[in-house]
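Beneath this line is the structure, given in structure tokens, with notes to follow.
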Amino acid sequence: MVDLHELTRRFAHHGTLEAIYLRPARGVAARRVDEAEAIAGRGLVGDRTGDRAATAADGGKRQVTLLQAEHVPLIAAWTHRGTIDPRLLRRNLVIAGLNLAAARSPFADQALRVLVGDEVELVVTGDCAPCSKMETVLGPGGYNALRGHGGVTARVVVGGRLRIGDPVRVVDTSDPSP
């Protein structure tokens, strides 16, 4: 019988980085880019969250936000829209094909990391709750449409280049045999 530690580090396949969004300042619309630089302990270059993390003592828990691509059609359905541009949801990285909620280890002795491409390593720090702006952006019920589907927050452990199309995988860095 397989133990729970083993089950939590098993994923059917890798995911894919579908989109990258940066918001350079508060109140400024996010812009889609083809690639970005992640800085360990800070976030993404050119994103206000990464710039703000530089002033936090530990860099903060919300250096990068990740959104599950598969949740975007659900959010659109719950807000009675045909489609939603993920840029409106104010998250940095849109990931398809990998369950982001499962990328956070339920065990203190198990360190799961999200690897994006060949360089970047993230650790999921929690859920990314929606903000009240979702009511304005998506209309009445927009806030509740994102509850439980707003993605996750993460810290950048190892920096590097992120590119659309990069593979995204989860690994257990506490286990010496990956």
### Summary
Rg (one decimal) and Dmax (whole number) from the Cα set of the chain, in Å, equal 16.0, 52
### Label-point separation in nm, Asp109 to Lys133, each point 7 Å along Cα→Cβ
4.2
### Task
Determine the relative contact order of the chain: mean sequence separation of Cα pairs under 8 Å and six or more apart, normalised by residue count, in whole percent.
31
### Query
Using a Förster distance of 41 Å, how high is the FRET efficiency between Asn144 and Asp34, based on the Cβ-Cβ distance and rounded to 0.05?
0.80
### Task
Would you mind telling me which residue in Ile95, Ile20, Ile84 has the biggest mean-square fluctuation in a Gaussian network model of the chain, where springs connect alpha carbons within a distance under 10 angstrom?
Ile84
### Cβ-based charge dipole, the range 4-172, positive-most Cα from Leu138, Val156, Gln68
Leu138
### Summary
Magnitude of the Cβ-charge dipole (Lys and Arg +1, Asp and Glu -1) of the chain about the Cα centre, nearest 20 debye, reported as 780
### Query
By average Cβ neighbour count within 10 Å, what is the ranking of 85-94, 9-18 from highest down?
85-94, 9-18
### Query
Stretched out fully, how many nm does the piece from Glu119 to Asp85 gain, at 0.36 nm a residue minus the Cα gap?
9.5 nm
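Here, each number is a calculation from the coordinates, and none is a lab measurement. Keep in mind it's a predicted model, so treat the numbers as computed, not measured. Positions of Cβ are backbone-derived with ideal geometry, glycine not excepted, and every protein chain shown enters the neighbour counts.
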